[in-house]
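The values are calculated or read from the model by the stated rules, or taken from the named source; none is laboratory data. Values in this document were obtained by computation on a predicted structure and should not be read as measured data. Quick reminder, even Gly has a Cβ in these numbers, built from the backbone with ideal geometry, and neighbours come from all protein chains shown. For accessibility, only protein heavy atoms count, side chains too; no ligands or nucleic acids. Shrake-Rupley method; radii C 1.70, N 1.55, O 1.52, S 1.80 Å.
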Amino acid sequence: MVKIGIIGAMELEVEQLKKEMNLNAIIRKAGMDFHEGTLDDVPVVIVRCGIGKVNAALCVQILADEFRISHVINTGVAGSLNARLDIGDILVSKDAIHHDMDVRVFGYQLGEVPQIGFREFQADEHLVALAIGACKKVNPDIHVMSGRVVSGDQFISNKEVKERLISQFQGDCAEMEGASVAHGAYLNSIPFVIIRAISDKADDSAEMDYPTFEAAAAKHSAALVKEMVKGILP
Ligand code: ADE
């Protein structure tokens, strides 16, 4: 059975989707409110996980154990690491990496979680294609591309750190939850995709741009998610 977990980090990111859903129940766990119901007749569980990788990982595990979700979508905003991604554009994950995982001392690649066997968590190709198609349909004026999400428990607002994330990981955008959603989805064999609207350039102007563009960015990713869930039904 299809049941889609939709995770946003902040209220703004899930507020729009919650308004549009048909609500059956709200179940509170680990301080998170899981909104169960349907979105255009598609079973969904919409939840704000809070900021950062621990919150995101806990949230995915609850969605897997308690709600038996079949797919997971992580929506939200991100800082751009790619000159081709401007504020307002949308990045759909090809893959995701933890940029703050460093066990190189034992021979692992920077960013690689020990004992998993790879560094990049691959997004589900079908979900990626659906997200890009949905974006072109509902946000035709918005530039959308697929690429690499790098995640860490850090808001990136410094040019040197930004340059390091580009050179070490070839990241296209930086945020604080995606790789944990991807990691949790992988461990539970659940297909995932991360959709991020660009709210800032992850450099010295990020602090200023973020609050200005956050609302519009969150609105665009919500419209995209609403459109794409219809395509997931078998
Ligand atoms: N989310 C939005 N912008 C971000 C940034 N610059 N760093 C981390 N997470 C973000």
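Within the range 167-178, residues that are touching a residue at least 40 places away in the same chain (Cβ under 8 Å) have Cβ atoms under 6 Å from residues that are away from the ligand (no atom under 11 Å from the Cβ) and open to solvent by 10 Å² or more (accessible area, probe 1.4 Å) in these pairs: 168/110; 171/148; 172/82; 172/148, counting only partners at least 6 apart in sequence or on another chain.
For (1) touching a Pro at 6+ places or on another chain (Cβ under 9 Å); (2) more than 10 Å from the ligand (Cβ to nearest atom); (3) in a loop (DSSP other than H, G, I, E, B); (4) under 15 Å from residue 127 (Cα atoms), each residue gets a yes or a no:
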position: 179; (1), (2), (3), (4): no, yes, no, no
position: 189; (1), (2), (3), (4): no, yes, yes, yes
position: 194; (1), (2), (3), (4): no, yes, no, yes
position: 207; (1), (2), (3), (4): no, no, no, no
position: 214; (1), (2), (3), (4): no, no, no, no
position: 219; (1), (2), (3), (4): no, yes, no, no
position: 226; (1), (2), (3), (4): no, yes, no, yes
position: 231; (1), (2), (3), (4): no, yes, yes, yes
position: 234; (1), (2), (3), (4): no, yes, yes, yes
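Here the strands (runs of 3 or more DSSP E) wholly within the range 1-118 that include at least 2 residues being modelled with pLDDT of 95 or more and within 16 Å of the ligand (Cβ to nearest atom) are 71-80, 90-98.
Looking only at the range 122-130, decide whether some residue is open to solvent by less than 20 Å² (accessible area, probe 1.4 Å), in a strand (DSSP E or B) and in contact (Cβ under 8 Å) with a residue 40 or more places away in the chain. Checked the range 122-130: no residue is open to solvent by less than 20 Å² (accessible area, probe 1.4 Å), in a strand (DSSP E or B) and in contact (Cβ under 8 Å) with a residue 40 or more places away in the chain.
Selection of the range 90-147 for residues being under 15 Å from residue 177 (Cα atoms) and β-branched (Val, Ile, Thr) yields 92, 97.
Look at residue 225 and say whether it is within 14 Å of the chain's Cα centre (by Cα) and closer than 19 Å to residue 11 by Cα. Spelling it out, residue 225 is indeed within 14 Å of the chain's Cα centre (by Cα) and closer than 19 Å to residue 11 by Cα.
Listed by first and then second residue, the pairs with beta-carbon distance under 7 Å, at least 6 apart or on different chains, first residue in the range 50-70 and within 24 Å of residue 99 (Cα to Cα), second surrounded by fewer than 21 Cβ atoms within 10 Å (Cβ to Cβ) and acidic (Asp, Glu), are 52/153; 53/153.
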